[in-house]
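Okay, so here's the structure we're looking at.
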Amino acid sequence: MTIAELVRAARGNGSAAIRAAARLMTILADSPHRLPEVYHAAAALDADSGDTLQLPRFLLGLTGAPGSGKSTLTDALVREWRGRHPDRRVGVVAVDPSSPFTGGAVLGDRVRMMRHATDPMVYVRSLASRGHLGGLALGVKGVVRVMGVLGCDVVFLETVGVGQSEVEVAGVADLVMVVLAPGLGDSIQLLKAGLMEIGDLFVVNKADRPDAARLQADVASMLGEAGSRAGTYLVSAEEGRGIGALADGLEILGDRDGASWQERRRRMIEEEVRDAILEEASRRLRGTLAGLRGPDAPVAAVLDGRLSVEEAASRVVQEICRRG
């Protein structure tokens, strides 16, 4: 099926729509430069039906150090959301660490969320980070867009958890939740490493552990000095403690800022198309460079000192132009 046919099918109902959306997500995860095709197909359908491109009500990014319980917290929030809004679909995009040898993902999040496997209103998609340092796979934006086409009301975006480079999540999510837990070292120092600047909510998980309340107080004190945007929460995702209050806070923020989030995401579409163009250009450059071999190839010439990197880059661009 073409992209247009898949978009049309994904806007339908039943298992056929789920299969079409899954195929779209796979295409965009592997070839993010094809994202504009989805926009074009959706726009064409809008023109015919009078509908508009569906966007999730809000995107919540969850980030934090490995072991802080992000996956368990995501699972608890999905369960809470399904109980509150049984007629609304929930999406989860989980970016898993990928093998440095095979590039495949360790799909731990799907293991933790098996309780939702038979729920047709919950769609979980795991992606391999493929070494992308921002904690987000390059195709995440496209997958999130397809979640909107599928009709997901809320999308939870869980990142790998790789430290300071997690700031990239702020460019995709409407809200960024920083998850902390006692016993994982100096969490305050972790906040200073860059997470404090991107966090909208700060959740101290594993409330049943010693020093959890103290960690929350330390974080609240630190945020009080810096100017907190949405406060701190103390929860136990494993036991379900504090999840209701956290969901209440998310609902309030969604009602208050939802319109501005939607407008921001519509403006971001132009930037995403620009990124798709650059990704395709980069793909072509890499392919052309890999095909230029021999003693006069750009890489060999740079190593021998016969060409500068700038000159080699110009040669590759010229070769692309020559090939058309």
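The values are calculated or read from the model by the stated rules, or taken from the named source; none is laboratory data. This one's a predicted model, so the numbers in the text were calculated from it and none came from an experiment. Because the Cβ atoms are built from the backbone with ideal geometry, glycine has one as well, and the counts that use them run over all protein chains shown.
Determine whether D208 is part of a strand (DSSP E or B) and either modelled with pLDDT of 85 or more or out of contact with any Asp or Glu (no Cβ under 6 Å at 6 or more places or on another chain) (or both). Working first, answer last.
Values: part of a strand (DSSP E or B): no; either modelled with pLDDT of 85 or more or out of contact with any Asp or Glu (no Cβ under 6 Å at 6 or more places or on another chain) (or both): yes.
Spelling it out, it is not the case that D208 is part of a strand (DSSP E or B) and either modelled with pLDDT of 85 or more or out of contact with any Asp or Glu (no Cβ under 6 Å at 6 or more places or on another chain) (or both).
Can you give me the ranges of the helices (runs of 4 or more DSSP H) entirely in segment 2-80 with at least 2 residues that are at pLDDT below 80?
Hits in segment 2-80: 14-30, 35-49.
Could you give me the residue pairs with C-beta distances under 8 Å whose first residue belongs to segment 281-304 and is in the same structural domain as Q318 (by TED's automatic domain parsing), whose second residue is surrounded by 11 or more Cβ atoms within 10 Å (Cβ to Cβ) and in a loop (DSSP other than H, G, I, E, B) wherever it lies, and which are 6+ apart or on separate chains?
P298/L292; P298/L307; V299/L292; A301/L307; V302/S308
Would you please name the residue that is modelled with the highest pLDDT, looking only at residues in segment 98-126 that are farther than 22 Å from V149 by Cα, in a loop (DSSP other than H, G, I, E, B) and out of contact with any strand residue (DSSP E or B) (no Cβ under 7 Å at 6 or more places or on another chain)?
Restricting to residues being farther than 22 Å from V149 by Cα, in a loop (DSSP other than H, G, I, E, B) and out of contact with any strand residue (DSSP E or B) (no Cβ under 7 Å at 6 or more places or on another chain), the top hit is S99.
Somewhere in segment 138-160, is a residue assigned to a loop (DSSP other than H, G, I, E, B), of a type in the set (A, V, I, L, M) and modelled with pLDDT of 60 or more?
Scanning segment 138-160 turns up at least one residue that is assigned to a loop (DSSP other than H, G, I, E, B), of a type in the set (A, V, I, L, M) and modelled with pLDDT of 60 or more.
Inspect segment 165-187 for any residue being modelled with pLDDT of 85 or more, part of a helix (DSSP H, G or I) and more than 25 Å from the chain's Cα centre (by Cα) and give the result as yes or no.
No, segment 165-187 contains no residue that is modelled with pLDDT of 85 or more, part of a helix (DSSP H, G or I) and more than 25 Å from the chain's Cα centre (by Cα).
Only one of these conditions is not met by S228: (1) at pLDDT 90 or above; (2) hydroxyl-bearing (S, T, Y); (3) within 26 Å of T74 (Cα to Cα). Which number is it?
S228 satisfies every listed condition except (1).
Filter segment 77-99 for residues that are surrounded by fewer than 24 Cβ atoms within 10 Å (Cβ to Cβ) and small (G, A, S); which is nearest to T159 (Cα to Cα)?
S98
Of everything in segment 305-322, what is touching a residue at least 12 places away in the same chain (Cβ under 8 Å) and either among the β-branched types (V, I, T) or not in a helix (DSSP H, G or I) (or both)? Give them in sequence order.
V316, V317, I320, listed by residue number.
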